[in-house]
Amino acid sequence: MRVLIRGSDMTVDLARPVTAPPVAAPPVTAAPAGAGARGALLVLADGRFPAGGHAHSGGAEAAVKAGRVTDAATLAEFCRGRLHTAGLAAAGLAAAAAAGIDPLLLDEAADARTPSAALRAVGRRLGRQMTRAARAAWPSPALDALAAARPRGAHQPVVLGLAARAAGLGPLDAAYAAAYESVSGPATAVVRLLGLDPFAATAVLARLAPELDDVAAAAAEAARRARHDGLDALPAPSAPLLDITAEQHAAWPVRLFAS
């Protein structure tokens, strides 16, 4: 028995099987080079990445003890100053390593940009831990070679840039990761040191975002120039107070953070 259902614009024959119209298979294409690399930036910049940064305050502990950081407003000033000095220098080194500049030469440049012996030691300890984490996450002959050449650790920004390169990231990405780390560590530390409202600390970082953009862009541009003009093109800002308080902090018999 055939039943026809008529409508205003179609007729359906219930005696015939209903089949879906054929669908053309999508063309098979290769994934673009570096696909998924931007996701690696989230991993690299995540505070839970096991690179040892959680144990360091970036100078915030000494600033809190000295009374220079007491609330969200003074934290913002501290982070802004750190971003445009130590953060810019670190971002430049990281961007240069991600751009393929010799990491051993960059490690020497990091030494020259770190007058404090205490901070040089901290940079290498953090670099050693970053190397371990990065080699586990993104195995790379370049990371292996750096680990062999610097068994006690290369400076952390250099390792970060090399890790970014191994993960398929570019110089600007590496600069962002280094610049963000320079302020996110102190902000997190001050939450613990002062019992500061974490919402207020996060707001400090959010309001620094435009300046972080500027620092990352400047660092990436400097890395581009350094490929042609030499490492003197990389930023070398100074932060004497951070250097002085780092030496004082290293001599404290009791402290919450390693630096």
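The values are calculated or read from the model by the stated rules, or taken from the named source; none is laboratory data. Just so we're clear, the structure is a prediction, and the values are computed from it rather than from any experiment. All Cβ positions, glycine included, derive from the backbone under ideal geometry; neighbour counts span all protein chains shown. Side chains included, ligands, DNA and RNA excluded: accessible areas come from the protein's heavy atoms. Shrake-Rupley method; radii C 1.70, N 1.55, O 1.52, S 1.80 Å.
Points worth noting:
- The range 54-123: Rg to Rh, with Rh as the Kirkwood radius over Cα pairs: 1.05
- Spatial extent of the chain: Rg and Dmax, with the Cα atoms as the point set, Å: 25.4, 97
- Kirkwood radius, the range 182-228, all distinct C-alpha pairs, inverse of mean reciprocal distance: 12.2 Å.
- Distance between the modelled labels on LEU42 and GLU247, one decimal in nanometres: 4.4 nm (7 Å Cα→Cβ projection).
- Charging the Cβ of each Asp and Glu at -1 and of each Lys and Arg at +1, and nothing else, the dipole of the range 119-205 about its Cα centre rounds to 500 debye.
- If the convex hull is drawn through the Cα atoms of the range 24-165, its volume per residue in Å³: 150 Å³
- Taking the longest Cα principal axis of the chain as reference, the axis of helix 240-250 is set at about 80 degrees.
- Charge context of ALA112, other residues only, Cβ under 12 angstrom, K/R +1, D/E -1: -2
- Derived scalar couplings ³J(HN,Hα) [the range 87-98; Karplus, 6.51 cos²θ - 1.76 cosθ + 1.60; whole Hz; x for Gly, Pro]: x, 5, 4, 5, 5, x, 5, 5, 4, 5, 5, 5
- Evaluated on the range 86-199, the Kirkwood hydrodynamic radius is 14.1 Å, with distances taken between all distinct Cα atoms.
- Equivalent-ellipsoid semi-axes of the range 125-259, from the Cα gyration tensor, Å, largest first: 27, 20, 17
- The range 154-256, accessible surface, carbon-and-sulfur percent (1.4 angstrom probe): 57 percent
- Remark on SER57: its backbone amide H falls under 5 Å from those of ALA258, SER259, a criterion applied only to residues 5 or more positions apart or on other chains, H modelled at 1.01 Å from N.
- Tensor-based shape of the range 203-250 (alpha-carbon gyration tensor, a/c under 1.5 rounded, otherwise prolate or oblate): oblate
- Integer Hz, Karplus 6.51/-1.76/1.60 couplings in order for the range 219-227, x for Gly and Pro: 5, 5, 5, 5, 5, 4, 5, 5, 5
- Label separation (ASP214 vs ARG255): 3.0 nm, computed from points 7 Å beyond Cα along the C-beta direction.
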